[in-house]
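All remarks here apply to the structure that follows.
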Amino acid sequence: MRLKSLGSVDIVIGIPSYNCAHTINYVIYQTAKGLAEFFPDRNAVIIVSDGGSSDGTLDVVKSIKAPWETEIIPTKYVGTSGKGTALRAVFEAMIYLDAQAVMVVDSDLRSIVPQWVELLVAPTLKGTGLVTPLYTRHKYDGTITNFLCYPFTRALYGKRIRQPIGGDFGVSRSLVETLLSSSLWSTPYIPRFGIDIFETQTALGEGFEVKQAFLGSKVHETKDPSKQLASMFQEVAGAMLSCTEVYENTWRYIQGSESPEVIERSVPTIAPEEVQVDFKKLFQGYTAGFQIFRSTYKKVLDLELLHNLKVLHVKEGYFEFPTEYWAKCVYSFATAFNKETNSEERNNLLEALRILWRGKLASFVLETVEFDAEEAEREIEKEANVFEELKTYLLDVY
């Protein structure tokens with residue numbers, strides 16, 4: 001009824017939320033200010049799609065009185081609990097309102113500024129299908145991005161999209177319609193944390209124009225990958241490998257990579273917060289997990305690669321997980337995932353891959369402990385280059 005009373009709008013801002021009462025006010029204020037500054041002649045609405053917060057998040061939203069005439073709608077989404085379901089509600093509302101662009105931003109941001117609205121929305125109003133974020137981040141923030149989603153997406157689709165699961169996107173109406181019609185919503189991954197990689201790889205697989213917007217620093221609720229991120233890894237990796245199946249006829253014929261256009265404006269930046277990683281816990285989890293999944297690795301990995309991984313455990317004084325091994329592991333698991341139809345077995349594959357990711361991350365942490373952000377970024381770029389060089393390995397086994 002609330003949407004019906006609005007008639008049609010031009011722009012929708014979607015904010016998926018869950019227990020973020022301490023940050024949601026700031027995010028809404030900054031997006032409302034951005035709409036007023038950069039799109040004063042456009043009708044817009046901010047929709048907070050909440051997953052049943054128990055900390056009063058929606059009460060905070062309802063009490064907000066922005067100094068601009070911006071419609072703010074707090075709502076609880078229905079269906080599978082997760083970020084993907086929250087955004088699906090936003091996407092459906094966007095279509096209902098006949099909007100031309102939607103901007104989605106995370107609710108835990110502490111670095112968002114009004115310029116983000118212009119950077120993410122303006123290109124989609126002019127025909128760009130997807131605008132992904134480009135941030136300055138701490139070297140140990142975004143570890144699923146750095147060692148899985150970025151190099152894999154770049155190698156397959158030939159676009160150097162640095163933050164394919166950044167969470168803060170500008171999406172065109174035509175891409176939203178494509179996303180909503182996808183069969184992948186029936187997977188266990190897209191309705192949860194797999195939504196971001198699903199948006200990016202659907203845009204690439206379907207041939208939409210993708211650009212990047214430099215947003216400055218990303219300051220948000222960071223997580224130590226040695227203790228958290230287990231379910232997120234499974235959902236992101238599961239969504240990514242599901243997209244890989246759907247768009248095989250696209251990525252098989254792409255070679256090399258290029259950088260998409262980067263949109264830049266004057267954006268105030270602050271230093272990203274340091275992310276602490278417990279190397280010992282990370283490494284112990286890897287070695288213990290490797291033993292647990294020995295039978296899985298024996299089935300998925302070729303004999304030479306499996307032997308090479310076993311040898312890693314006996315090195316004295318220093319642990320190194322070569323990128324060549326890691327890329328071949330990811331490609332081997334992508335292949336096994338494609339051939340497996342049982343959902344429980346697929347989840348087992350994703351967990352086994354997560355254990356290897358812990359090993360790769362532990363190796364990177366040990367290597368870069370004295371590196372500054374630029375030096376660490378150069379290492380991540382080297383990783384991505386190896387994924388590109390070894391794409392033929394994927395083509396041979398997939």
- Task: Tell me, yes or no, whether the range 315-327 has at least one residue that is surrounded by 20 or more Cβ atoms within 10 Å (Cβ to Cβ), in contact (Cβ under 8 Å) with a residue 60 or more places away in the chain and either within 28 Å of residue 188 (Cβ to Cβ) or out of contact with any Phe, Trp or Tyr (no Cβ under 9 Å at 6 or more places or on another chain) (or both).
- Result: yes
Counting only residues that are over 28 Å from residue 216 (Cα atoms) and not in a helix (DSSP H, G or I), the range 166-185 contains a total of 2
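For (1) farther than 22 Å from residue 215 by Cβ; (2) in a helix (DSSP H, G or I); (3) at pLDDT 95 or above; (4) of a type in the set (Val, Ile, Thr), each residue gets a yes or a no:
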residue: 9; (1), (2), (3), (4): yes, no, yes, yes
residue: 15; (1), (2), (3), (4): no, no, yes, yes
residue: 37; (1), (2), (3), (4): no, yes, yes, no
residue: 108; (1), (2), (3), (4): no, no, no, no
Considering the range 353-398, residues that are of a type in the set (Lys, Arg) and without any contact (Cβ under 8 Å) to a residue 60 or more places away in the chain, and then whichever is nearest to residue 254 (Cα to Cα), we arrive at 382
Going through (1) in contact with a strand residue (DSSP E or B) (Cβ under 8 Å, 6 or more places away or on another chain); (2) at pLDDT 95 or above; (3) surrounded by fewer than 17 Cβ atoms within 10 Å (Cβ to Cβ) one by one, residue 2 fails only at (2)
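Could you check how many residues of the range 277-310 are under 26 Å from residue 370 (Cα atoms) and over 26 Å from the mean Cα position of the chain (by Cα)? Spell out how you get there, then give the answer.
Residues of the range 277-310 under 26 Å from residue 370 (Cα atoms): 277-287, 309.
From the residues that got through so far, the ones that are over 26 Å from the mean Cα position of the chain (by Cα) too are 280, 284, 287, 309.
So the answer is 4.
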For the range 164-219 the number of residues that are modelled with pLDDT of 95 or more, hydroxyl-bearing (Ser, Thr, Tyr) and within 30 Å of residue 140 (Cβ to Cβ) is 4
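For the range 306-398, which helices (runs of 4 or more DSSP H) that fit wholly inside it have 2 or more residues that are within 29 Å of residue 138 (Cα to Cα)? Before you say what the answer is, go through the steps one by one.
On the way: elements: 323-339, 343-368, 373-389, 391-397.
It comes to 323-339, 343-368, 373-389.
Please find, among 117, 121, the residue that is β-branched (Val, Ile, Thr), in contact with a Leu (Cβ under 8 Å, 6 or more places away or on another chain) and in the same structural domain as residue 205 (by TED's automatic domain parsing). I'd like the intermediate steps shown before the answer.
On the way: 121 fails: in contact with a Leu (Cβ under 8 Å, 6 or more places away or on another chain).
Of 117, 121, the one residue that is β-branched (Val, Ile, Thr), in contact with a Leu (Cβ under 8 Å, 6 or more places away or on another chain) and in the same structural domain as residue 205 (by TED's automatic domain parsing) is 117.
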Scanning the range 56-75 residue by residue, the ones that are surrounded by 14 or more Cβ atoms within 10 Å (Cβ to Cβ) and either of a type in the set (D, E, K, R) or part of a helix (DSSP H, G or I) (or both) total 5
Inside the range 43-55, the number of residues satisfying the requirement of being polar (S, T, N, Q) and either outside the structural domain of residue 7 (by TED's automatic domain parsing) or in a strand (DSSP E or B) (or both) is 1
Scanning the range 247-275 residue by residue, the ones that are modelled with pLDDT of 95 or more, of a type in the set (A, V, I, L, M) and crowded, with 16+ Cβ neighbours inside 10 Å total 1
Residue set 85, 128; condition touching a strand residue (DSSP E or B) at 6+ places or on another chain (Cβ under 9 Å) and closer than 16 Å to residue 236 by Cβ; output residue 85
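The values are calculated or read from the model by the stated rules, or taken from the named source; none is laboratory data. The shown structure was predicted, so the numbers you read here are calculated from the model rather than taken from an experiment. Note that we place each Cβ from the backbone using ideal geometry, even for glycine, and neighbour counts take in every protein chain shown.
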